[in-house]
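Okay, structure first, notes after.
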Amino acid sequence: MTAIDDQNTTDPAEETVTAPADHVDPAPNPHATQEQVEAALKDTKLAQVLYHDWEAETYDEKWSISFDERCIDYARGRLDKILPDAPLPYGRAMELGCGTGFFLLNLMQSGVAEKGSVTDLSPGMVKVALRNAENLGLDVDGRVADAESIPYEDDTFDLVVGHAVLHHIPDVEQSLREVLRVLKPGGRFVFAGEPSTAGDFYARWLSRATWWATTNITKLGPLKDWRRPQAELDESSRAAALEAVVDIHTFSPEDLERLATSAGAVQVESAAEELAAAMLGWPVRTFEAAVPAEKLGWGWAGFAFGGWKRMTWLDENVLRKIVPPKFFYNVLITGVKPEK
Ligand SMILES: C[S@@+](CC[C@H](N)C(=O)[O-])C[C@H]1O[C@@H](n2cnc3c(N)ncnc32)[C@H](O)[C@@H]1O
C-alpha cells in the first residue's frame, strides 16, 4: 500500500452526489432505423450509442456476464493483477463505459468499493447497469456520460475503473485528463481489458472463422436446431457492421503508459495478459453468439470458464516467460492523480 493510496478510503456517507437534481438522462433507443445505422457509419459516437443501446438488454447473455462467483473472481483478478496491494475498500468509485455493470458491480461485490457510480455513453447500458445494481442490493447511482467530458465535479471519486472501454473513445488522452479531474488528489484509476494490436488481429480472425464455420455447419440437417433464426443472424451481422465503427483503437502497454503520463497521471504502470486464454476465449464467445442461448446454458458457461482458467494458467506460468508482452491480448493500465 502506498501513502497516497492510503488516503483514498474516505467515508462515502460524507460524500455529496454531484449530479444536478433536475438532470434527466436521454432514453435508450434499442431499435435503430436503417437511416440511423447509415448515419452512424460516419459518426463514431452515434455508432457507440446505437450499437450499445441495441445490445444492452441481451448483452449479459451474449457475453456470459453474470454477477456470481465466476465473474466476481474475474473482475477482482484484473484489479489484483495490476494493483495487488490496493488499499481496500475505496470509498466512492466510478466506472466509465460501464456497459451492464460487469466490472464495477462485481468489484463492489468483492469488497473493492463501498459506493459506486456507473456511467456510459449508451442510455440503454446505464439503465441495465442500474437494474443489475438494484437486484444485487448495491449502493450505486448512474448517469449517461461521455468519457471525454465526464459530468461530475472535480475531486469526486477515490477510484475510477473501466473495462474494455478506452479503445472506443476517440480522444483517449482527453478522457484520461477527465478521469484525473474527477478523481480526488491521490485517487487511482484502473482500466483493464483493452485490446493489444497483435491480440486484436488474431482475435478478429479467430472470431470470423468461428462465425463462418458455426453459421454454415448449422445449415446441415441434424444440426439445424443449433441454428439461430435467420432474422437474428441478419441482425447480428448488421450489429457487426457497426462494431467495426465502434472499435477505434488498439494499444501496446507502452502506448497506454505514454497517454496516461501525458494526461498528468503519476505512478503509472501497465500490464498485459491472456494469450492462450484469448485464443480460446474469442472462438468460444463467437460460438455462443452464433447459436441459440438455450442450447448452452450455465453448464456451458462453467465449462468455458474452466477452459479459460486452464489457458490462463498456461499463459502465466509458461507463455509469459517466452512470449513478449505485446503479443498478449489484454492491456491494463493504472495511475494516480498527483497530490495538489
Ligand atoms: C465493450 S463495451 C464494455 C462494457 C463493460 N465495461 C464490460 O466490460 O462489459 C464498451 C462500453 O463503452 C461505452 N462507450 C463507448 N464510447 C464511450 C464514450 N465516449 N464514453 C463513455 N462510454 C463509452 C459503450 O457504450 C459500451 O457500453
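One chain, two ends: residue 320 and residue 267. Fully extended at 0.36 nm per residue, the span grows by 16.7 nm beyond their Cα-Cα distance.
For the range 43-118, the direction-averaged projected area of the alpha-carbon convex hull comes to 5.7 nm². In straight-distance terms, cross-link reach from residue 219 covers every one of the lysines whose alpha-carbon lies under 19 Å from its own, apart from those fewer than eight places away in the same chain; here that gives 295.
Bridgeable lysines around residue 337 (alpha carbons under 30 Å apart, same-chain partners fewer than 8 residues away excluded): 45, 81, 115, 127, 184, 326.
Counting every other Cβ atom within 10 Å of each residue's Cβ, 237, 117 order from fewest to most as 237, 117. Against the chain, whose longest principal axis comes from its Cα atoms, helix 276-290 is set at around 60 degrees. Applying the Karplus relation 6.51 cos²θ - 1.76 cosθ + 1.60 with θ = phi - 60° to the range 310-316 yields 3J(HN,Hα) values of 5, 5, 5, 4, 4, 4, 6 Hz, where x marks Gly and Pro. Working from label points 7 Å from Cα in the Cα-to-Cβ sense, the residue 154 to residue 313 distance is 5.1 nm. The long axis of helix 44-56 is offset from the longest Cα principal axis of the chain by roughly 70 degrees. Note that the range 144-152 has calculated 3J(HN,Hα) couplings of 6, 8, 8, 4, 7, 8, 6, x, 10 Hz, one per residue in order, obtained from phi through the Karplus relation 6.51 cos²θ - 1.76 cosθ + 1.60 (θ = phi - 60°); glycine and proline are x.
Identify the residues of the range 138-178 with backbone N under 20 Å of a label point that sits 7 angstrom from the Cα of residue 43 along the Cα-to-Cβ direction, or state none. Residues 144-150, 168-171 qualify, since their backbone N sits under 20 Å from the label point.
Within a Cβ distance under 12 Å of residue 30, other residues only, what is the Lys/Arg minus Asp/Glu net charge? Taking every other residue near residue 30 into account, the sum is -3. Give, as a single signed number, the net charge of other residues whose beta carbon lies under 11 Å from the beta carbon of residue 142, with Lys and Arg counted +1 and Asp and Glu -1. Charge balance near residue 142 sits at -2. Note on residue 136 and residue 34: their simple-model spin labels are 4.0 nm apart, each label 7 Å out from Cα toward Cβ.
Counted over the chain, the DSSP beta bridges are approximately 40% antiparallel.
Summarising the amide proton neighbourhood of residue 94: residues at separation of 5 or more, or on other chains, whose placed amide H is nearer than 5 Å comprise 117, 159, 160, 161.
Estimate the FRET efficiency between residue 258 and residue 230 by the formula 1/(1 + (r/R0)^6), using the beta-carbon distance for r and 56 Å for R0, to the nearest 0.05. Walk me through the numbers before you get to the answer.
Numbers: r = 46 Å, r/R0 = 0.82.
That pair, residue 258 with residue 230, gives E of 0.75.
What net charge is computed for the residues neighbouring residue 280, neighbours being all others with C-beta under 13 Å from the C-beta of residue 280, Lys and Arg scored +1, Asp and Glu -1?
Details: positive: 285, 309, 310; negative: 274, 288, 315.
Local net charge: 0.
Among 249, 168, sorting on how many other beta-carbon atoms sit within 10 Å of each Cβ, with the fewest leading, yields 249, 168.
Arranged from fewest to most other beta-carbon atoms within 10 Å of their beta carbon, 190, 284 become 284, 190. Rounded to the nearest Hz, the phi-derived 3J(HN,Hα) couplings of the range 159-165 under the Karplus curve 6.51 cos²θ - 1.76 cosθ + 1.60 (θ = phi - 60°) are 8, 10, 10, x, 9, 6, 10, where x marks glycine and proline.
For the chain, the direction-averaged projected area of the alpha-carbon convex hull comes to 17.2 nm². Structural descriptor for the chain: relative contact order 20 percent, calculated from alpha carbon pairs under 8 angstrom and at least 6 residues apart. Each listed q (0.24 Å⁻¹) maps to a log10 I(q)/I(0) for the range 129-228, found by the Debye formula over equal Cα scatterers with no solvent: -1.23.
None of the figures in this text is laboratory data; all of them are computed from the coordinates on show. What you see is a predicted model; the values in this text were computed from it and never measured. Note that each Cβ is placed from the backbone with ideal geometry, even for glycine, and that neighbours are counted across all protein chains shown.
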